[in-house]
1. Of the listed peptides 79-91, 147-159, 163-175, what is their order by residue-averaged count of other C-beta atoms within 10 Å, with the highest listed first?
2. Mark the label point 7 Å from the Cα of Ala71 along Cα→Cβ and return the residues of the stretch 81-100 whose backbone N is within less than 19 Å of it.
Amino acid sequence: MARGSSGIVAGLTAAAVAAVCFLAYQASANAPDSVAAPTAKSSGASTAGPTEKPEAPKEPLAVPVDSDTGARVVYALNDRRVWVVDAKEKSLRTFTVMPSSVSPLPGVYRVTSRSGSIKGSDGVPIEHVVRFADVDDVAVGFSAAQDDSLESPDPSIKTGGVRMKRADGNALWTFATVGVKVVVVP
């Protein structure tokens, strides 16, 4: 009898597996589109209806709105970015910078002096220095390392050089003459 009952169990198991497979196929074939196919969304993502239009992306490189008006250089501390803006409010150029260890407070400044080529307070040969602020007896200004490096400043040394690439330094040098407005924003 052991031989006959094992055959029955095997037959019933095969029939059960076949029935489960058939039912699974039917369920997937008749499932609504929202659950039939997996999506790339994470489980915590909100679901958008099919008629919703995506929000227009904000221009990440747009001149900050609270950065005064007119011809100016805008320096965004948190974004580590500079914009060169003409009198018609058009951004002529924008680029990233490496902030110095000493930063000015947000506000409106003017270019006070410039130097073509000097040694920076950190010992690095720099060019196109455009100074616009003094913070705790440290002159703050834009400059480019002659070797085109953008090293992070040593936080233990008080330096005021906001570094940029040489090509960006050339453009800023041409625009930011003595007296030009520099607006620092958070």
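What follows is calculated from the coordinates using simple rules that are stated; it is not laboratory data. What you see is a predicted model; the values in this text were computed from it and never measured. Methodologically, a virtual Cβ is constructed for each residue, glycine included, from the backbone with ideal geometry; neighbour enumeration extends over all protein chains shown.
1. Numbers: 79-91: 15.3, 147-159: 12.5, 163-175: 18.5.
Highest mean packing first, the order is 163-175, 79-91, 147-159.
2. Answer for this model: 83-94.
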